[in-house]
1. So for L206, L198, fewest C-beta neighbours within 10 Å to most, what's the order?
2. Using Cβ counts within 10 Å as a stand-in for footprinting exposure, how do K455, K475 rank, fewest first?
3. Output wanted: per-residue J couplings in Hz (rounded whole) for region 136-148, from phi through Karplus 6.51 cos²θ - 1.76 cosθ + 1.60, θ = phi - 60°, x for Gly and Pro.
4. Per-residue HN-Hα couplings for region 42-51, Karplus 6.51 cos²θ - 1.76 cosθ + 1.60 at θ = phi - 60°, whole Hz, x for Gly and Pro?
5. Could you list T486, T304 so that the one with the fewest beta carbons within 10 Å of its beta carbon is first and the one with the most is last?
6. Would you pull out the residues with amide H under 5 Å of S128's amide H, same chain only if 5 or more places away, H placed 1.01 Å from N?
7. What nm distance separates the two modelled labels at T102 and D480, each placed 7 Å from Cα along Cα→Cβ?
8. For the pair A36 and A452, how long in nm is the line joining their label points, each one 7 Å along Cα→Cβ?
Amino acid sequence: MTPIAVLFLIALGLSLALTPFARWAGRRFGILAMPAARNIHVTPMPRSGGLALFLTFMACLPLAAALLPPAAVAVLGGRTMGYVLLGAALVFAVGFADDKWTLPSKLKLLAQIAAASIAYYGGARITSFALPGLFVVQFDVSSYLVTVFWFVLLINAINLIDGLDGLAAGVVFFASAVQAGLAVMRAEPHTAALFAVLAGATLGFLRYNFNPASLFLGDGGSYFLGYMLAALSVSGSVKSQVGATLLMPVIALGVPLLDTISAPLRRFMRGRDMFEPDKRHVHHKLLSRGWSQRQVVLFLYGITIFLALSALVLVNLRNVPAGLFLLVVGGALVFLVRKAGYCSYFAMDKILGWLRDVSDDAGFARERRTFLHHQIEISQAHDLAELWTRMTEALDHLRFDLAEMVLSGDGAGSCRLDPEPPGAAPVDGPPVYRWRREGSAVSDRELLCSPAVMKLELPLLAKGGRPLGALWLVKDVAADPINEFTLRRVENLRRTVTEALEGLLPPS
């Protein structure tokens, strides 16, 4: 039996033995996941499983040094691995503390960055990325940023997918097993040994974590697993092969990585805090379709196995262009995720609608610039007559049918719109300005009594709440429907008119 297989079995046995201890420690010291709205479980559950994984991995390191050849032992005892393990201890400690006390998200992110920085300082860094026959990218000044992003991405990918019994640990097991196999084929025994230990530890942990679970991985465990996947992928790679080495976890962890990248974008598009937890991850979407926990986990296991084997094929391609293979695998992943209903937040109509809003706010849209011209003309009016003329031009642009403005607070309390001819005004009372769009085929009475008419009453208030008057607008939405920006333009008009009136009317 090879040393790699022996280390895998030892890690498996240690994990099987230490996980019950971690479960006891979680209950003894109150490291529990309580039932909550975004959680699946309904009873308090120990979330100290990461302790078993961390202890198993660290305990196997001396055994690896005893079993591996001298060259591999030299790498394990080298400077880079020492700093990697220091960063692993930091990120595990912070995650484990969060399992107990719930730390602020910003503090946890800073800890992840610090752990990644420690690994980078020790030599675990991404300096280039290459795919033979496609491209080569060199990272000079940006090497630190790319490396930290890589670590933070994988840490949070495993953390976010840890929402169902056995899901995160199982995904890491399959990814680690394939990485170990790749390292064996490339004659990198030190990398193969560490990935084998990681695979054995997670497989043993699954004995207690698979549905129905008796304990959870916790942030300590998910942080540790994500960090080690990132670190081993970087520190164990030969620079000329770094592209393929990094592609392995990227492809094998395609689902959690996609979830990690899309989650903050989804929250941003919904107007939520980008770091606010929710129940809209891929496993939650599958549960909402009526699947059981076990069905969801097995389905995602299947995707992970498919992607992991695809990654293994990719790095050993000889005659098939890597780009074509990536395109096929990526297309299959997108298809599966879309079938799960996960991409509904990124449907094309929603994206285009959001882009239209952004374009309108930024003033890129031609119609917005045209209306801005009307606003400028209104703000530069020299008297009330010119102000009203500019206002009617803006209202005609918005395709309103009828408008009336009553100035001063005394007469602005009740609507004066009635079937009088346009321009009519009472002999006594505040000034009244009326306008009707040319070309209307119906009378004022018919327009005002129509069931499809939109009527708006807008108070014109100066700073401090002093009433300047009121503006009434009427539009037949059956003959000319409003668009998504009409009401926004009306509010812009109201503000512009109010500011102009403050300069034209005498202070009270």
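1. With the fewest neighbours first, L206, L198 line up as L206, L198.
2. K455, K475
3. 3J(HN,Hα) across region 136-148, in whole Hz: 9, 10, 9, 10, 9, 5, 7, 4, 5, 5, 5, 5, 4.
4. Per-residue couplings from phi come out as 10, 10, x, 9, x, 10, 10, x, x, 4 Hz.
5. Arranged by neighbour count, lowest to highest, T486, T304 become T486, T304.
6. F139
7. 5.5 nm
8. 5.1 nm
Every number in this text was worked out from the coordinates using simple rules, so none of it is lab data. Keep in mind the model is a prediction, meaning the values are calculated, not measured. Note: ideal-geometry Cβ built from the backbone for every residue, glycine included; neighbour counts use all protein chains shown.
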